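Report on the structure given below.
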Protein chains: 2
Amino acid sequence: MQEIERLVQLLARLPGLGPRSARRAVLMLIKRKESLMQPLAMALAEAADKIRTCTTCGNLDTSDTCAICRDPTRDQTAICVVEQVGDLWALERTGVFRGRYHVLGGVLSAIDGVGPEDLNIAALLARVGPDHPVQEVILATNLTVDGQTTAHYVTERLEPSGVKVSRLAHGVPVGGELDYLDDGTLATALKSRQLV
Amino acid sequence: MQEIERLVQLLARLPGLGPRSARRAVLMLIKRKESLMQPLAMALAEAADKIRTCTTCGNLDTSDTCAICRDPTRDQTAICVVEQVGDLWALERTGVFRGRYHVLGGVLSAIDGVGPEDLNIAALLARVGPDHPVQEVILATNLTVDGQTTAHYVTERLEPSGVKVSRLAHGVPVGGELDYLDDGTLATALKSRQLV
């Protein structure tokens, strides 16, 4: 049954699945051959064939120059900078931001040996040049040490362009209870308190 | 990006993955297009095409009459009855049992409307007839109410054949600490105590 074993091994490499759950997944796939296994095989092959990275912003789409960069109804004056495509998806799900994005493809990290040249920063600088409509760059990197270091670095690199740079608000999450919050978040929320 | 959305939806149906981890999985797949996404698409298509159910025992394999049923080195006098193919795999991993298997395909369940005719029981009875070499049937259904009901039912149905019927030992799991065991397991282990 090397076909099954191979399938288990491949599935076990996905995040969130280990060998045991991969085995369960394979059994489920075999049970639902027509409704799940064959459609999944086709969807994977199709996505592998069609999906490419937008050379403008780093987003993933079936067309280079992705749907967001092409959409004329989106605000061309604002760019939201994120670490990964998954962050872009998360922001898109909120439906609040109607500008465009820029995906860095990671964060600066001395430990992992990731330097500025490894990130999609040069392309960002090219998008805020004098003949471009961008007025504001919103930094939406994660609130981790590396994410904040990266935001800091990008801010410095953007300075000569004169573009306005902002970052996401930090504070108590919606629905968050103070008693369960970590001290860092609580301290930030207190320092960034706003007049009502 | 309907290709990505479709892939997320299909992956989210696998056990152990929800929408969020499916999204992470898709991003990982796209990043490892050559090493993971395309091989997975091919492995799925191949498995969907080749894997079938053994008409003798209910195991999954690329050939009907599976490799275990065909293997002449395996003991033909013992059949181990399991609920699902996953249980067969778990027993095979131990390497202890060298007989053959019979997969019921489920358990009797009044709530889920599963009756004897929905399980692979008739085929089991056919395998223990007078002109067959089987001397012992080992019941390895789960220690759940339904699993035990099913074992009981199968035992009754096997009675006329005169074959020896046994079941897996129940007791303290290897490495198990008494203090953390449920009362039922502990009571069973006490009742089934063995002389040393």
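The values are calculated or read from the model by the stated rules, or taken from the named source; none is laboratory data. Please read these numbers as outputs of a predicted model, since none were measured by experiment. Glycine also receives a Cβ, built like all others from the backbone with ideal geometry; neighbour counts cover every protein chain displayed.
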Which of the numbered conditions does A:Glu3 fail, given that it passes all the others? Conditions: (1) at the interface with chain B (Cβ under 7 Å from one of its Cβ atoms); (2) surrounded by 21 or more Cβ atoms within 10 Å (Cβ to Cβ).
(2)
Checked region B:40-66 for anything within 7 Å of another protein chain (Cβ to nearest Cβ) and surrounded by fewer than 19 Cβ atoms within 10 Å (Cβ to Cβ); matches are B:Ala45, B:Glu46, B:Lys50, B:Thr62
Under 7 Å between Cβ atoms, at least 6 apart or on separate chains: pull out the pairs that start in region A:45-74 with a residue that is outside any helix (DSSP H, G or I) and end on any residue that is small (Gly, Ala, Ser).
A:Gly58/A:Gly105; A:Asp61/A:Ala67; A:Arg74/A:Gly99
List the number of the failed condition for A:Pro72; all other conditions in (1) more than 30 Å from A:His152 (Cα to Cα); (2) within 9 Å of another protein chain (Cβ to nearest Cβ) hold.
(2)
Those residues of region A:10-38 which are surrounded by fewer than 19 Cβ atoms within 10 Å (Cβ to Cβ) and outside any loop (DSSP other than H, G, I, E, B) amount to A:Ala12, A:Pro19, A:Arg20, A:Ser21, A:Arg24, A:Leu27, A:Met28, A:Lys31, A:Lys33, A:Glu34, A:Ser35, A:Gln38
In region B:75-89, the residues that are touching a residue at least 12 places away in the same chain (Cβ under 8 Å) and farther than 10 Å from B:Gly99 by Cα:
B:Val81, B:Val82, B:Glu83, B:Gln84, B:Val85, B:Asp87, B:Leu88
Residue in region A:86-99 that is under 20 Å from B:Val26 (Cβ atoms), at pLDDT 95 or above and under 14 Å from the mean Cα position of the chain (by Cα) present
no
Output for region A:104-138, where each listed residue is under 19 Å from the mean Cα position of the chain (by Cα) and assigned to a loop (DSSP other than H, G, I, E, B)
A:Leu104, A:Gly105, A:Gly106, A:Val107, A:Leu108, A:Asp112, A:Gly115, A:Leu119, A:Asn120
Just to be sure before I move on: is A:Ile79 crowded, with 18+ Cβ neighbours inside 10 Å and either within 13 Å of another protein chain (Cβ to nearest Cβ) or assigned to a helix (DSSP H, G or I) (or both) in the structure I sent?
no
Would you mind stating whether B:Leu88 is buried (at least 18 other Cβ atoms within 10 Å of the Cβ) and at the interface with another protein chain (Cβ under 9 Å from one of its Cβ atoms)?
no
